[in-house]
Amino acid sequence: MAVTKTAKILLIAFFALVAYIAFGNGLFYKVWQEEKTLMELEAQVKQLEAETDSLRQVLKLLESDIDFIERVAREDLGLVKPGEVVIPLPAEEGE
């Protein structure tokens, strides 16, 4: 059966409409942007999960390891035991 001229025009119009919907309003670009954003957010989630695991390990040490607690108290908080004398050293260049 031969395709009539009207059927050809309707077919071309249909494909033109589909092309306009897909490309004309930037649908594919929007999808690409959203996928890119999703990948960035997934990378952030992985980074934050790793940071959370690290903090959980530190928390466990702070809850149970007296030597770790003492080291943190001395290095991070500058605490000393009674009778100890702290001798400050001059800072090196670049610090």
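All of the numbers you see were taken from the coordinates with simple rules; none came from a lab. All values derive from a computational prediction rather than experimental measurement.
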Using θ = phi - 60° and Karplus 6.51 cos²θ - 1.76 cosθ + 1.60, couplings along segment 24-40 (whole Hz; Gly, Pro as x): x, 9, x, 4, 5, 5, 5, 4, 4, 4, 5, 5, 5, 4, 4, 5, 5
At q = 0.11, 0.14, 0.20, 0.21 Å⁻¹, what log₁₀ I(q)/I(0) does a Debye calculation on the Cα points of the chain give, no solvent, two decimals? -0.70, -0.85, -1.05, -1.08
Mean-square fluctuation maximum in Gaussian network of the chain, Cα pairs under 10 Å, restricted to LYS81, LYS30, LYS46, hits LYS81
Top of GLU75, GLU51, GLU42 by mean-square fluctuation, Gaussian network on the chain, Cα under 10 Å: GLU75
